[in-house]
Each structure stands twice: as C-alpha cells, then as structure tokens.
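Taking it in order: structure first as structure tokens, then the write-up.
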Amino acid sequence: MSKVIDEIRFTKELISKPSITPKDFGAMNVVSKHLKKIGFKCNLMSFQDRGTEKIINLYARYGTKSPNLCFAGHTDVVPAGDLASWSVDPFKAKIKKGYLFGRGVSDMKGGIGCFISAVSQFLKENKKFEGSISFLITGDEEGIAVNGTKKVVEYLKRKKEKIDFCIVGEPSNPSKLGQMIKNGRRGSITTYLTVKGKQGHIAYPNVALNPATPIIKILNELKSKPLDKGNKNFQPSNLEVTRIYIDNTADNVIPAKASATFNIRYNNLHTFNSLKNKISKIIKKISKKFKCKTEIKFVGTGTSFLTIPNQTVKKIQKIIQKETGEKTQLSTSGGTSDARFIKDIAPCIEFGLVGNTMHQINEKSSIKDMKKLKLIYLKIIKSFFN
Ligand SMILES: [Zn+2]
C-alpha cells in the first residue's frame, strides 16, 4: 500500500535543494524518489546543447493504458536576490502566519507538491484505473529553455508517447486561488536594430549622417500604429521599446551608430515570420529614405497558441469554481511558459498557485491554498478517469 505524500512536507524538501537555474542540486532526485515510491516508472534524461549547461529532466509514468493525463512543471528557480531582505532563509522553507515562505514555493515547487500529493492519494484509493498519469518535469524553464521541455517533447514525439491532456502547474492565479486558468499564451519576438550613419561635426551635418533621426522615426512608426485590436481569446498585440542606445561622449559630434531593442507580445493574428516581415519593411523604408545602413536581428521565444475550451477544460473550470467560489476565467494573458512546447503534442492548460510573489523577495504561498489546490488536482484526476 503506497502512502500519501504530504504536499507541504514535499514542497519544503524540494525547496531545500537550491536549484537556481540551470543548477539542479538534487531537486530532480527529490521528485523521482517520491514518484518511484508510489509506483511510477521514472525516466531521467539529461540534455546539453553545445555551449550550455547540462540539464536533468524527468518523464515519469504510472500505468500503460490510455488516456494519459500529464502534469508538467519545473524544479528550477530564479536567484533569491538580496538574502538580507528575506525574512527566512529562501532555501529553508518556513511556515509563518499561515504562509509557506521559500524561493520557488509558488513558481512552482508548491504546484509540483500539490499534484504529487493528489496523485498519491488517488493511487491509494484507485489501484486499478483505466488510464495513465505522467509527469514531465524540467530543470530548464527559468533559463534559456533549450535543454528542457523542448527536448523532452522531441523525445516523446520520437517515442510516439501519447499524452491526452496536460496540466502545467505554473502559478496562473493573479491574486486569489481559482481566478484564472491559462488556456493559451501570446508569442514573443525581440528585435535588435542598429542604424549606421556617418560620424561628423555637429555644425556640419551636411557632410555627416545622423542615425538618431531615422531610428526615432522607425520606433515611432512601429509604436504609433496598433498591431491589431485583439480578438475573443486574446488581448491586442503590444510593442514595447526596451532599449535605445547611442555611444557618444562628445556633445559636438554626430554619432556613427544608433541602436534599439524592442519586444512584441503577439496574439494568434500574427506569427514570428509575419511580424519579421512587417518590421523589416518599415525599417527598410525609413532607412532608405535617410540613406542609412541597418543591421537587424530577430529572436523569437515562443509563438502564440490557444487551447480550445473543450469538454475537459470546461470540466476543470467547473471543479475550480466549485472548490474556490471564484468565477474562474480562461485567459491568454501574461508571459510565455513551457506550454508553448507541450502544445505540439497535447492540449494543455496552466493552473497552479497564486503568482503575486513569484520571483520576488519573500516568495510565499498560503497553506490554505496549497491544501485546496491539492484537493482541486485530486478532483480533476478523478473526473478525468471517470
Ligand atoms: Zn514557473
């Protein structure tokens, strides 16, 4: 008879491993050790692209039948920041006034704890159920994300592993448990632009070429026209300029180069390539007018996607509403997550703890929330196999 894993104790143990991305420090072993104890087959896999650090990932499965319900998450965390500002040691989780404090408790070691606890209870009560439960856990979500979920998904594709539905345990709720399920994400594209002119005396602009003027025009044109109006499932796409740079220490010199960086979070009305073309056109048009040369680099970190609210999504939404009393909203807002890779092999949603202290000093999750999330996960598992 396998025993029930306590979500708080498990989360504390996981937080005690200071797995600041891309380091593991035994975090993945905590997950696999407990999963093995309750009967999971654990497949630990390391990936390492050239010039990057080795990452340990885990795919674990209980059962061989379908349907296969998967839980996805990450054990890596962001750095603690200024240790003196913390009210507890960020890697020795402590309960204070009804909250568990520690780095990664909400994002998302606590989410893993709640799901593993729910699974252990489900298995204790349902030894033989029609289906499988699996875990896809990575140590490379907060970092460059090349040796993590992306590679595990490629591996699962090659092995023809079928996942019928996936819950990503990211802290999807802005301030209260039950507020929000994420059923899609916007895409992200960053543009690095350099405009090249000709250096010269500020009093003789006719024999110089100032790149500052065209770069301002380019940014203005990009920013002033809305990319779209959004749609039923997505907010409007948005461009933000994050850096404008001219290296010049003399006030009487027209600079030779100006550069800027900007990022677009885009909805499903665009793709990486459609935006790349659109941006390139504007840059070319203006730089040509000013007779300037340009260098452009585009970096995409995930395209937009939407999980259609099917029966399973609606059932989950109902369970959450019933347990929390909140009006659970389906949303595609916020940043990217590993769901952007998993969506290629399975429909997925994100639902986890409250995220309002993630990545912050004194990251915390309420004990009440953790107990409730465990219960919600348990009900989701039960209803999935019913
Ligand atoms: Zn996270």
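Given (1) in a strand (DSSP E or B); (2) more than 26 Å from the chain's Cα centre (by Cα), identify the lone condition not met by ALA250. That leaves (1) as the condition not met. Residues that are assigned by TED's automatic domain parsing to the domain that holds PRO347 and touching a residue at least 40 places away in the same chain (Cβ under 8 Å) number at least 3 in the following strands (runs of 3 or more DSSP E) confined to the range 45-147: 55-62, 68-74, 99-101, 132-138.
Checking each residue in the range 334-348 for being out of contact with any Phe, Trp or Tyr (no Cβ under 8 Å at 6 or more places or on another chain) and either crowded, with 21+ Cβ neighbours inside 10 Å or not hydrophobic (A, V, I, L, M, F, W, C) (or both) picks out GLY334, GLY335, THR336, SER337, ASP338, PHE341, ILE342, ASP344.
The residues of the range 132-146 that are away from the ligand (no atom under 16 Å from the Cβ) and within 15 Å of the chain's Cα centre (by Cα) amount to a single one, VAL146. In the set LYS36, LYS54, only one residue is touching a Cys at 6+ places or on another chain (Cβ under 8 Å), among the charged types (D, E, K, R) and more than 24 Å from ILE349 (Cα to Cα); that residue is LYS36. Would you check if there is a residue in the range 152-160 being within 30 Å of LYS327 (Cβ to Cβ) and not hydroxyl-bearing (Ser, Thr, Tyr)? So far as the range 152-160 goes, no, none of its residues is within 30 Å of LYS327 (Cβ to Cβ) and not hydroxyl-bearing (Ser, Thr, Tyr).
Of the numbered criteria (1) crowded, with 19+ Cβ neighbours inside 10 Å; (2) within 16 Å of the ligand (Cβ to nearest atom), the one ARG61 fails is (2).
Within the range 102-121, does at least one residue satisfy the condition of being over 19 Å from the mean Cα position of the chain (by Cα) and among the aromatic types (Phe, Trp, Tyr)? No.
The values are calculated or read from the model by the stated rules, or taken from the named source; none is laboratory data. Nothing here was measured: the structure is a model prediction, and the numbers come from that model. As a convention, Cβ positions derive from the backbone with ideal geometry for all residues, glycine included, and neighbour counts pool all protein chains shown.
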